[in-house]
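First the structure, in the form of structure tokens, and then the observations on it.
The values are calculated or read from the model by the stated rules, or taken from the named source; none is laboratory data. Source: prediction; values computed, not measured. Please note: Cβ atoms are built from the backbone with ideal geometry, for glycine as well, and neighbour counts cover all protein chains shown. The area values use the complete protein model at the heavy-atom level, side chains included, leaving out ligands, DNA and RNA. Shrake-Rupley method; radii C 1.70, N 1.55, O 1.52, S 1.80 Å.
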Amino acid sequence: MLRQIRLLTGIRLCNLFGINELRYTRDKGKRLRAAGLGVVWILVLFMLACYSGGYAWGLAAMGLEETIPIVLAVTVSGAVFIFSFLKAGSVIFQRKDYELQQPLPVKTAAIITSRFLTMYVTDLMLSVLVMLPGLAVYAMHVRPGVLFWIYAVVGMGFLPLLPLTVATILGAVILAVSARWKHKNLVNIGLTLLLILGALGGSMVLSWQGGTPEGTDQLQDLLTGAAGLMKEKVGTLYPPALWFGDALLLQDVGGLLLLAGVSTAVFLVYTAVLQKHFSGICTALDADSARGGFSMKQGRKSGLLASLWRRELIRYVASPVYVTNTIVGYILMTVVSAGVLFVGPERLVELLGMSAQPGAQEMTERLLPFLLGLLAAMMPPSCSSVSMEGRQWWIMQTLPVPPGLLYGAKFLASLSVALPFWLISEVLCLAAIKPDPAGAAGLILIPALYLVGSAAAGLLINSRFPVFDWDSEVRVVKQSASVFLTMLLGMAAGIIPVLVILNRSL
């Protein structure tokens, strides 16, 4: 079975990164697009490494060097869980591959393991990229021995395994539950969003517990006991991060063995249980419900733009991975607005560590519209809408419909998804801050401009860098050049005004 796992995993990785296509294609355009995507990847990875190293440097500057490995472990585990949870169901239970592999003389366990290892390789790359800059900063301040790096290399290999397994378990449960319903896609989306909201709400509650000290003496007292307090909380909430930290800081081989043993055991149990229900879940996902009788009703006539707009929305909700990956930014925008209302602007200033600065609350209120705009512009549905057409895009192009209407329908559909979240966020923020007319206008218009601009930019970028030869929607929604370019553009458009405001206020 090991040979089957190795071959299936190699094939999936080659398809994932497009290695064989780049190796044998004679199309220079594809090579240029791949080179451009490589540059985007390098830029994103460089920014991520800089953020990890800068955050670790800040902890070291406060005298919290021993918390760096633990903080990095929590960060990596959280990132792996979130990214894996949003795509686990589509990767593990990919229906097209299942139809091709079912007649082959391969074991179900080999198919499941190969799909799991494909996600593990990408998550391991993310783990190493986040870990290495932070651990390098720790090593510059503490000068650990060679055993530290040996434990770090082994620990980084096992650290993504447990959150990845838990994420795939939740993805399997959601798919298994939703497959029993008539509208399984809507149930899948609803359960996924409920879990995301639960995770966000829990993290916000934990962040708001306790107060932020005011004054230099209280801050110094906080920093003095911060390391022990962090270890205590991490040990309670997520023990594997503490095991990883003990292995690196104390050279505790028991912590390393515990991390490796628990992660491996959970994965083996998951694989053994899933292979008994794998075929049933994949078959149920392909099945169509036929409950109830069918009766012909009078059709409704509508204009071209309205029909295309309705088609885009139907296509959007038909893909759980499309919805859950593009709606997270809007959910975060609403959650932040609800947090501002429930904790108040004064508490928000304290959480940002700006309570000691004069005019901090006014500055925070000026930053809030740009923060909402940044979250709204992270990943609009329009940045994948053209690629989601797949190999059927030529059919739409041959219809007697002006191209402007096709793209206009995609633009309107993206705005239609964002509009309810924007309205709720504005109502919550206006009720919390109660700004003057000028402040209210800025709070309303700035996020609206980000919504419109990101939808237009995402559609333009996706039309320039489409991906039509995909086998899994995950490739379009999470791994395409248009997605990364739109995210970078949205982050730049949101961060630059924030930096300007902060610079003027200092």
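Could you please give the count of residues in the stretch 483-493 that are under 10 Å from GLY373 (Cα atoms) and surrounded by fewer than 18 Cβ atoms within 10 Å (Cβ to Cβ)? Quick ask: steps written out before the conclusion?
Filtering the stretch 483-493 for residues under 10 Å from GLY373 (Cα atoms) gives 490-491, 493.
Imposing the further condition that a residue be surrounded by fewer than 18 Cβ atoms within 10 Å (Cβ to Cβ) reduces the set to 491.
Residues flagged as under 10 Å from GLY373 (Cα atoms) and surrounded by fewer than 18 Cβ atoms within 10 Å (Cβ to Cβ) within the stretch 483-493 amount to 1.
Among the residues in the stretch 449-469, are any among the acidic types (Asp, Glu) and surrounded by 16 or more Cβ atoms within 10 Å (Cβ to Cβ)? First the steps, then the outcome.
Of all residues in the stretch 449-469, those among the acidic types (Asp, Glu) come to 469.
From the residues that got through so far, the ones that are surrounded by 16 or more Cβ atoms within 10 Å (Cβ to Cβ) too are none.
For the stretch 449-469, residues among the acidic types (Asp, Glu) and surrounded by 16 or more Cβ atoms within 10 Å (Cβ to Cβ): absent.
For the stretch 254-266, which residues satisfy the criterion of being touching a residue at least 40 places away in the same chain (Cβ under 8 Å) and either farther than 11 Å from PHE158 by Cβ or open to solvent by 40 Å² or more (accessible area, probe 1.4 Å) (or both)?
We begin by selecting, within the stretch 254-266, every residue touching a residue at least 40 places away in the same chain (Cβ under 8 Å); these are 256, 259-260, 262-264, 266.
Hits for the stretch 254-266 are VAL262, THR264, VAL266.
Determine, yes or no, whether LEU405 is open to solvent by 10 Å² or more (accessible area, probe 1.4 Å), in a helix (DSSP H, G or I), in contact (Cβ under 8 Å) with a residue 60 or more places away in the chain and under 24 Å from ILE446 (Cβ atoms). Spelling it out, it is not the case that LEU405 is open to solvent by 10 Å² or more (accessible area, probe 1.4 Å), in a helix (DSSP H, G or I), in contact (Cβ under 8 Å) with a residue 60 or more places away in the chain and under 24 Å from ILE446 (Cβ atoms).
Looking across the stretch 494-504, the residues that are open to solvent by less than 50 Å² (accessible area, probe 1.4 Å) and either at pLDDT 85 or above or more than 20 Å from the chain's Cα centre (by Cα) (or both) come down to PRO497, VAL498, ILE501. The listed residues are LEU32, LEU59, and the only one of them that is open to solvent by less than 30 Å² (accessible area, probe 1.4 Å) and either modelled with pLDDT of 70 or more or charged (D, E, K, R) (or both) turns out to be LEU59.
Each row is one residue, and each column tells you yes or no for (1) β-branched (Val, Ile, Thr); (2) touching a helix residue (DSSP H, G or I) at 6+ places or on another chain (Cβ under 9 Å).
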residue: TYR407; (1), (2): no, yes
residue: ALA413; (1), (2): no, yes
residue: ILE424; (1), (2): yes, yes
residue: ALA438; (1), (2): no, no
residue: LEU445; (1), (2): no, yes
residue: TYR450; (1), (2): no, yes
residue: TRP470; (1), (2): no, yes
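Under 28 Å from LEU126 (Cα atoms), touching a residue at least 40 places away in the same chain (Cβ under 8 Å) and open to solvent by 50 Å² or more (accessible area, probe 1.4 Å), is that true of ARG475? Spelling it out, ARG475 is indeed under 28 Å from LEU126 (Cα atoms), touching a residue at least 40 places away in the same chain (Cβ under 8 Å) and open to solvent by 50 Å² or more (accessible area, probe 1.4 Å).
A single entry from PRO144, PRO69, PRO163 fulfils the requirement of being of a type outside the set (A, V, I, L, M, F, W, C) and assigned to a loop (DSSP other than H, G, I, E, B): PRO144. Please work out which residue is surrounded by the fewest Cβ atoms within 10 Å (Cβ to Cβ), limiting yourself to the stretch 409-430 and to residues that are of a type in the set (Val, Ile, Thr) and farther than 13 Å from LEU451 by Cα. Per the stated criteria, the residue is VAL427.
To keep it simple, each residue is scored yes or no on (1) open to solvent by less than 50 Å² (accessible area, probe 1.4 Å); (2) assigned to a helix (DSSP H, G or I); (3) modelled with pLDDT under 85.
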{"residue": "LEU100", "(1), (2), (3)": "no, yes, yes"}
{"residue": "ALA109", "(1), (2), (3)": "yes, yes, yes"}
{"residue": "ILE112", "(1), (2), (3)": "yes, yes, yes"}
{"residue": "MET131", "(1), (2), (3)": "yes, yes, no"}
{"residue": "TYR138", "(1), (2), (3)": "yes, yes, no"}
